[in-house]
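The values are calculated or read from the model by the stated rules, or taken from the named source; none is laboratory data. Computed from a predicted structure; not experimentally measured. Neighbour counts are summed over all protein chains in view; Cβ atoms, including those assigned to glycine, are modelled from backbone coordinates with ideal geometry. Accessible surface is based on the protein model in full, side chains and every heavy atom, while ligands, DNA and RNA are left aside. Shrake-Rupley method; radii C 1.70, N 1.55, O 1.52, S 1.80 Å.
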Amino acid sequence: MKLANLNWDEIETSLWQCGYAKLPPLLTAAECAGLAALYPRRELFRSRIEMARYRFGVGDYQYFDYPLPEIVRELRARSYPPLAAIANRWAEALGGETRYPAGLDEFTAKCQAAGQNQATPLLLHYEAGGYNCLHQDLYGDVAFPLQLVSMLSDPQTDFTGGDFLLVEQRPRAQSMGHAIHAARGEAVIFTTRYRPVEGARGFYRANVKHGVSPLRSGTRYTLGIIYHDAR
């Protein structure tokens, strides 16, 4: 896992400008394959969701149970502190009182105090024709404003289509979308529900949803890292 050499200044600039930042490969090909191979091991997961049943899309995903696999736990814990610093600067710009602790353990304690104690990192799986409708990952009153997704499959050999989508709703204007193509091991950090945008009267909240465009062929696995826990 390659977190040490990330340029967090560039990541923060992109988050302020676009609401997302695309990262270089964080996971090796072997680490990606190892994570995807966990999908059939039902004992590692607390819940499985068939998207079509709830009209979320077409495909399925599974939430890990605690304790998390070591590579998932490490990626979540090590990426949280720099993101918490960015989240606090966002909160200050928006005039909110919420502040996020410097460490993930302290933030997890806040989730537990609010009755949110179920793990939220997940693996997502799509086959040809699969897609994910635009949505936000909110599971209770406590929510961290940023999250991360990492591509585990190779778009050059494993699937076609299936781009990561972000759609930003702007006040008194039409929505703007981003289609983000990620290679195996690459990751995207993006806003969970809204981002600060500077207007004539200061910063305002721009609502953002994310999803996945339809796969044209093949199989696609991704790892999602959500920092707040669920009820």
Open item on the list: As I understand it, the dipole of the chain uses +1 on the Cβ of Lys and Arg and -1 on the Cβ of Asp and Glu, about the Cα centre. Which of Thr13, Ile226, Pro214 lies farthest toward its positive end?
Closed with: Pro214
Open item on the list: Under 10 Å, Cα contacts only: if you run a Gaussian network model on the chain, which one of Pro145, Pro214, Pro69 comes out with the highest mean-square fluctuation?
Closed with: Pro69
Open item on the list: List the residues, sorted by chain then number, that are 5 or more residues from Asp60 or on another chain and whose placed amide H is less than 5 Å from its amide H.
Closed with: Met51, His125
TODO: For n ≥ 4 DSSP H runs only, could you compute -39500 (n - 2.57) per run for the chain, divide by its residues and tell me the 222 nm figure to the nearest 500?
DONE: -7500 deg cm²/dmol
TODO: Anything in the chain that counts as a DSSP H helix reaching 20 Å or more along its axis (C-alpha) with Kyte-Doolittle mean of at least -1.0? List them, would you?
DONE: 70-93
Open item on the list: If I take R0 = 22 Å and measure r between the Cβ atoms of Arg55 and Asp163 in this structure, what FRET efficiency does the formula 1/(1 + (r/R0)^6) give, to the nearest 0.05?
Closed with: 0.55
Task: Accessible-area value, His178, 1.4 Å probe, nucleic acids and ligands omitted, Å² - done: 50 Å²
Task: Overall form of the range 93-175 per C-alpha gyration tensor (a/c, 1.5; a/b vs b/c) - done: oblate
- [ ] Could you size up the charge dipole of the range 121-176 around its Cα centre, putting +1 on the beta carbon of Lys and Arg and -1 on that of Asp and Glu, and report it in debye to the nearest 20?
- [x] 320 debye
Open item on the list: Keeping all protein chains in place and using 1.4 angstrom, which order do Leu152, Leu44 fall into by accessible surface area, from largest down?
Closed with: Leu44, Leu152
Task: Amide hydrogen neighbours beyond the local backbone of Gly130, cut-off 5 Å, H modeled - done: Leu215
Task: Estimated inter-spin distance, Asn117 and Lys2, nm [label 7 Å along Cα→Cβ] - done: 4.0 nm
